[in-house]
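Below you'll find the structure, written out as structure tokens, and then a few comments.
The values are calculated or read from the model by the stated rules, or taken from the named source; none is laboratory data. No experiment lies behind these values; they were computed from the predicted model shown. Glycine also receives a Cβ, built like all others from the backbone with ideal geometry; neighbour counts cover every protein chain displayed. Please note that ligands, DNA and RNA were not included when accessible areas were found on the heavy atoms of the full protein model with its side chains. Shrake-Rupley method; radii C 1.70, N 1.55, O 1.52, S 1.80 Å.
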Amino acid sequence: MEKPTDPALSNVKSPLVDHLRFHRRNHHLAAPFGNGWFARKAEAFARFFGTPMFLGAQTFIVIAWIVVNVSGLAKFDLYPFILLNLAFSLQSAYAAPLILLAQTRQAERDKANADADAQHREALAVANAQRQELSAQTSAQMMALLEQNTELTTMTKQLSERIEILAAELHEKLLQKASS
């Protein structure tokens, strides 16, 4: 697309504007744990902790664990269920840091997106102010042209009236000269 040659339109943006330009510099925050294999697996694991499938599976395993040990089918973890508590502690030891890390990185992403949105709103406000200024300049130019047009119309009318008077005088002098 060619740039406008009119200096008044030189600050008008091209229609090919990158609308995500304020968000691109924060793109590295998109993956909460980084971008590698471990990061993807850690994020999937942290997200899995709050799902109904995880809660249902964990509830089923705990019930099965208790039923198997209380009924006597197997006796690997008797009543105080110390091994079950150890399994919960181990799960907590891994889950808590992953969840906290996910929350921290999500807060960073939210802040970066809020900052980018604020910059975008500011850029829109500046562009709007420029458009309003350009509109005011254009309106002032139109008013000046309209005033000039009115003056020219008045002058044309006066000149036409003067020509009509002079033509009438000339016609009368020619008639007087022809009759004498």
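From the protein chains alone at 1.4 Å, what is the descending order of accessible area for Phe49, Phe76, largest first? List each step's numbers first, then the result.
On the way: Phe49 25, Phe76 110 Å².
Highest to lowest solvent-accessible surface, that is Phe76, Phe49.
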Q | In order through the range 143-152: 3J(HN,Hα) via Karplus (6.51 cos²θ - 1.76 cosθ + 1.60), integer Hz, x for Gly, Pro | A | 5, 4, 5, 5, 5, 4, 4, 5, 4, 5
Q | Label-point separation, Ala123 to Arg162 (7 Å along Cα→Cβ), nm | A | 5.9 nm
Q.
Below 16 Å, Cα to Cα, which aspartates and glutamates can Lys177 reach? Residues fewer than 8 away in the same chain don't count.
A. Glu169
Q: Heads up, I need the accessible area for Glu161: 1.4 angstrom probe, whole protein in place, Å², nearest 10.
A: 90 Å²
Q | Binned Cα-Cα distance frequencies in the range 79-180 - 5 Å width, integer % | A | 2, 9, 6, 7, 5, 6, 5, 5, 5, 4, 5, 4, 4, 4, 4, 3, 3, 3, 3, 2, 2, 2, 2, 1, 1, 1, 1, 1, 0, 0
Q. In whole Hz, what ³J(HN,Hα) sequence does the range 109-116 give by Karplus (6.51, -1.76, 1.60; θ = phi - 60°), x for Gly and Pro?
A. 5, 4, 5, 4, 5, 5, 4, 5
Q) Can you give the FRET efficiency for Leu78 and Gln58, using 1/(1 + (r/R0)^6), R0 = 30 Å, r = Cβ-Cβ distance, to the nearest 0.05? A) 0.90
